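The values are calculated or read from the model by the stated rules, or taken from the named source; none is laboratory data. Given the structure is predicted, the values throughout are model-derived calculations rather than measurements. Methodologically, a virtual Cβ is constructed for each residue, glycine included, from the backbone with ideal geometry; neighbour enumeration extends over all protein chains shown.
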Amino acid sequence: MYMHVNLLGKRKNNENYKHTQRTTMVMVTVATSGIGLAFAKELEKQNKPAVLVARNAAKLKAVSDKLTNQHGVLTRYIAADLSTRDGVNNV
C-alpha cells in the first residue's frame, strides 16, 4: 500500500512547521518479524520511506529506530492490531 503523508517537524527555535512537499511512503504490516521485517529492511536499503505497522509498539519503535539510524531514511510506525476494526480505523 502506498500512502501520501505531510511531514511535520520543528524549526531550530522549536516552532512547529509543516513541509509543503508531500512524500510517498510504503506501508508495511507485521513489520517486526518475518517477511514484513525483511520487506521493511529491503525498502530501507533502497532509500524508500516506510510506515511500519504491527501490534507491539516497543518492537516497532526499536525496528523503526534501527532502520532509520542505519540508512537515514524516513521511517514512521503505527502500533495497531489489524485483525480488529479499531486497529484498522487507527491506521
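Residue count for region 23-38 satisfying the condition of being under 21 Å from S83 (Cα atoms), crowded, with 17+ Cβ neighbours inside 10 Å and not hydroxyl-bearing (S, T, Y): 4.
Show me the strands (runs of 3 or more DSSP E) entirely contained within the chain in which 2 or more residues are among the basic types (K, R), touching a strand residue (DSSP E or B) at 6+ places or on another chain (Cβ under 9 Å) and at pLDDT below 85.
On the way: elements: 2-10, 16-29, 50-54, 75-79.
The qualifying strands (runs of 3 or more DSSP E) are 16-29.
Taken over region 35-91, the criterion of being farther than 13 Å from M25 by Cβ and among the charged types (D, E, K, R) is satisfied by K41, E42, K45, R55, K59, K61, D65, K66, D81, R85, D86.
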